[in-house]
Amino acid sequence: MGAVSGHSPDSLDPNDPVALVDQFASGYPFDLDDFQRRGCLALASGQSTLVAAPTGAGKTVVGEFAVWLALRSGGKAFYTTPLKALSNQKFGDFVARHHARNVGLLTGDNAVNGEAPVVVMTTEVLRNMLYEASPTLRGLRYVVMDEVHYLQDRVRGAVWEEVLINLPVDVKVASLSATVSNAEEFGEWLETTRGPTEVVIEERRPVPLDNYYLLGRELHPMFVTRGDDGPVPNPQLARRGEREWGASSGRDSKGRHGHGRGAGAGRGGRRAVGRDWVPSRVEVVDLLEDEGLLPAIYFIFSRAGCDNALGQCRAAGVRLTTDDERARVLEFLDLRVATLDPADLDALGYPDLAESIGRGVASHHAGMLPMFKEAVEELFAQGLVKVVFATETLSLGINMPARTVVIEKLSKWQGERHEVLTPGEYTQLTGRAGRRGIDVRGAAVVLHQPFIPFERIVGLASTRTYPLTSSFRPSYNMAVNLVANYRRDQAEQLLASSFAQFLIDRTLHGAEQTLARNQRYLDGYLHSAACDRGDALDYWRLRREISARESELSQADRRAREEAAAAAVRALTAGTVVYLPGARRRGLAVVLGPAGGRNGATGVLVMTEDRRVRRVSVRDLGGAPVPVGKVAFARTLSPKSPRFKARLAEQLARLDPPVPPKAPRRRGSAAGDPELASLRERLRAHLVHRCPDLHEHEKWLQRYDQLDKENQRLAGRVRRRTGSLVRIFDRVLAVLDRLGYVDGFQLTPKGETLRRVYSEADLVVAEAIHRGTWEGLTAAELAACVSSLVYETRGGEGPPPEPVGPPTRPGRDALAALADLRAEVAAHEQAEGLELTRPLDGGFADLAWRWASGGTLEDVLGGEEITPGDFVRVTKQLIDLLGQIASVAEGPALVKTARAAVDACQRGVVAYSGLL
Ligand SMILES: Nc1ncnc2c1ncn2[C@@H]1O[C@H](COP(=O)(O)OP(=O)(O)OP(=O)(O)O)[C@@H](O)[C@H]1O
Ligand SMILES: [Mg+2]
């Protein structure tokens, strides 16, 4: 059917999807792309839709169509996003389009016009409404789930599935997703849970991308087109790679090489082959300017790295703005921060920031105050900021396209080690390159990576997508809400219909086929192993029994040796000098005293020759410790003092270097074991034992054993995972039953409380309320205590500081009581084979106390324990949880204290909402 445009509302047939879409499209200054049209048509004809398309492709249009449809039919539409910043942005857009009276906003921070026909909200808000059967849901026709791939987020992902599972089936859903490799599979699941769902996949980027590799001051295309082959990796670069890394083989296929030292990139200390080839950040910025590649987003995967880059540009006098632009930037910023206290501005490092931004250079990361981050986003969109040094968080959610994306290093710190980016991450990061309607092509510039083979880099840039997985699992809050709203069989049915279980069932189906095939092979092996003298399998069982007995005996020997060693360690007295044989800490060490090791392992505290105090276990000692001398302790000195250590070290140095002791060889107990002897006797007497083809039989039987072991493992996995979510649910219910939240499949009054506690520590919160753990605290003490349930010390950049509790006695006592409570909950979980509640983290308690006691921003940030961005984020989470406590608390005293704590925290930079 041809596209008809220009319908007037009254001539429009509401049953003609094409006409509806045409009318909607006429409100845009551009023509809809084919994929947008297909998504809209699905909605117009009463289906749900999943739209998977690259960053910046224009998925929002489909969501906007759902909103438009709802409004014109007098129904409601909810637009959900994972991020407050994104919700705020969308709210602004919809107000401009559909008038303020029709649009509401519900996030943790803001509640504006919540009963409007169109409401933008965070996904959690909708989940809570569903569980509480909120009257606001009445009339709901459409739900847009923007960034639905958040479903795989480890912490929050389950919320997306809760919504998709619990939403009434007559509500149509427009799911908007980044490109994922299993979009069809996800669509299939949506269809089984939500009814007819049109899957629309667009793989093309809206603006094509050129990938460059930067060596020195030279930009090399990563791919070249050769004849009809289409793009191939640039042979010049591939050859250079071979010269530099030797053959392109696995110099380090995991890319682990040397990244630990790379932190000082751009500064001295690089001995790497590629020294001449990696330009400094300032040089890169100059180059981008010369090549006309600005504005650019420059990814550096560390907050400190981004801030350093700003400093380096300031020091080098980089200036990318005209006088006029600079004046506009400064005016904009001054207006923005007008609401803040000038003293706070200093504490936040505003003067330096403004100076940099005035030059057209900014940073963007989660350590920054949200207000500053938003200002940077807006100035970038206006073209006034030309280079943004950013961490990967910028690649999520907000619409912030650039001409160019620079990637400094292709590896990033993942909590424990450096890991090379995945193709999905590369796609996500470079998705920001190329502004629709402005740039004909976008550019991705990867700086020379001396430690990663070129072929690997090319691999990142040519594979596009990653599969969407599920992180859904039943939580306590989910469990009590299921109990409240459904019968047991219905609840189990719901869990079984999650995407998580869907994916599990998929893999199980494959696994079952493998099991059947393996069984056929196993039968074949046995057939081939048959012996005409006797029963080969019977003979083989005997052999298995013998080796099982042998390993049993040798394990017993080892245990005896370990116990002897542990006893020797326990007998060590302070002052004894021992020899540490281990490769890493070889040398002499003085015993300082006993030390409880991890998992109850026996250990001692020692000081080594290099004056380090460490804990060593029997394993570090490589067996029983051999005392090689004794030194005297200066009892008057503190063992922590440098003088004490110096004295000990002196004495150590005076001792003779030891001869590494040799472990005596022992006879194993296998020699005298009657059981083993009798088994061996039977083996020798077996008919098959003398078969001339024994070797051939053995070969088949060994194969049999190997495959059989594999198959049993697989069968175990299948057994464990069949219906696994329902089983976890049963365990969660068991814990809830132990603590009196449910009685059978019935909620108790306590259980009712838990229904409205949405927190990773939901059960601990409900339990603390119920037991009165927080009674009698001041507001600041309560804030301190509760912060331990939301805060998580950032790993990765330096060791975490020692946690400081709140400075008051009741505060510390309550924190300790809370820790006991969480340990008790964890013990119940362990008894049921669960691990749901994370440990407390008291790292924010002192800050929370200071802020809630009315301290200034300088008081809180001055110690540099935390960045402004983290401070604001954690405090907002804290306020959210305090608010929940206020609303579910049982006694009026706690309600009052929790409210007071919310008020005490909700001020200054924390109160700023991002809504103008
Ligand atoms: N058909 C079109 N023609 C031209 N421009 C369009 C078209 N559709 C959308 N745009 C514009 O493209 C930009 C990006 O659109 P949008 O934010 O919807 O992308 P997205 O697919 O949601 O990306 P992300 O994955 O980042 O959320 C917007 O500025 C939008 O106005
Ligand atoms: Mg979007």
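Data overview
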item: Which numbered condition THR465 fails, given (1) in a loop (DSSP other than H, G, I, E, B); (2) at pLDDT 85 or above; (3) polar (S, T, N, Q); result: (2)
item: Neighbours by Cβ (under 9 Å, 6+ apart or cross-chain): first from the range 54-72, more than 15 Å from ALA25 (Cβ to Cβ) and modelled with pLDDT of 95 or more; second open to solvent by 10 Å² or more (accessible area, probe 1.4 Å) and near ligand 1 (Cβ under 9 Å from one of its atoms); result: none
item: Boolean, GLN23 is of a type in the set (S, T, N, Q), more than 13 Å from ligand 1 (Cβ to nearest atom), open to solvent by 10 Å² or more (accessible area, probe 1.4 Å) and in contact (Cβ under 8 Å) with a residue 24 or more places away in the chain; result: no
item: Single residue of ASN182, ASN211 found to be more than 16 Å from ligand 2 (Cβ to nearest atom), crowded, with 22+ Cβ neighbours inside 10 Å and touching a residue at least 24 places away in the same chain (Cβ under 8 Å); result: ASN211
item: Every pair of residues 6+ apart whose Cβ atoms lie under 6 Å, when the first sits in the range 629-648 and is under 16 Å from ALA589 (Cβ atoms) while the second is hydroxyl-bearing (Ser, Thr, Tyr); result: LYS630/THR576
item: Residue count for the range 135-145, restricted to those that are open to solvent by less than 10 Å² (accessible area, probe 1.4 Å) and either in contact with a helix residue (DSSP H, G or I) (Cβ under 6 Å, 6 or more places away or on another chain) or assigned to a loop (DSSP other than H, G, I, E, B) (or both); result: 1
item: Scan of the range 466-500 for residues that are surrounded by fewer than 19 Cβ atoms within 10 Å (Cβ to Cβ), touching a residue at least 12 places away in the same chain (Cβ under 8 Å) and more than 24 Å from the chain's Cα centre (by Cα), ordered by number; result: ALA484, ASN485, ARG487, ARG488, GLU492, ALA496, SER497
item: Checklist (1) within 16 Å of ligand 1 (Cβ to nearest atom); (2) of a type outside the set (S, T, N, Q); (3) buried (at least 22 other Cβ atoms within 10 Å of the Cβ) applied to GLU202, failing item; result: (3)
item: Options LEU86, LEU50; residue that is in contact with a Leu (Cβ under 6 Å, 6 or more places away or on another chain), in contact (Cβ under 8 Å) with a residue 40 or more places away in the chain, open to solvent by less than 50 Å² (accessible area, probe 1.4 Å) and within 29 Å of TYR426 (Cβ to Cβ); result: LEU50
item: Matching option when the condition is within 16 Å of ligand 2 (Cβ to nearest atom), out of contact with any Pro (no Cβ under 8 Å at 6 or more places or on another chain), within 18 Å of GLY46 (Cβ to Cβ) and touching a residue at least 24 places away in the same chain (Cβ under 8 Å), among VAL169, VAL173, VAL199; result: VAL173
item: Pick from the range 346-401, criterion among the small types (Gly, Ala, Ser), within 16 Å of ligand 2 (Cβ to nearest atom) and touching a helix residue (DSSP H, G or I) at 6+ places or on another chain (Cβ under 8 Å), ranking: farthest from ILE300 (Cα to Cα); result: GLY397
item: Residues within the range 101-123 that are in contact with a strand residue (DSSP E or B) (Cβ under 9 Å, 6 or more places away or on another chain), in a helix (DSSP H, G or I) and open to solvent by 10 Å² or more (accessible area, probe 1.4 Å), tallied; result: 1
item: Boolean, LEU736 is at pLDDT 85 or above and in contact with a strand residue (DSSP E or B) (Cβ under 6 Å, 6 or more places away or on another chain); result: yes
item: Which listed residue is open to solvent by 40 Å² or more (accessible area, probe 1.4 Å), of a type in the set (Asp, Glu) and not in a loop (DSSP other than H, G, I, E, B), from GLU824, GLU890, GLU829; result: GLU824
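The values are calculated or read from the model by the stated rules, or taken from the named source; none is laboratory data. The shown structure was predicted, so the numbers you read here are calculated from the model rather than taken from an experiment. Methodologically, a virtual Cβ is constructed for each residue, glycine included, from the backbone with ideal geometry; neighbour enumeration extends over all protein chains shown. Side chains included, ligands, DNA and RNA excluded: accessible areas come from the protein's heavy atoms. Shrake-Rupley method; radii C 1.70, N 1.55, O 1.52, S 1.80 Å.
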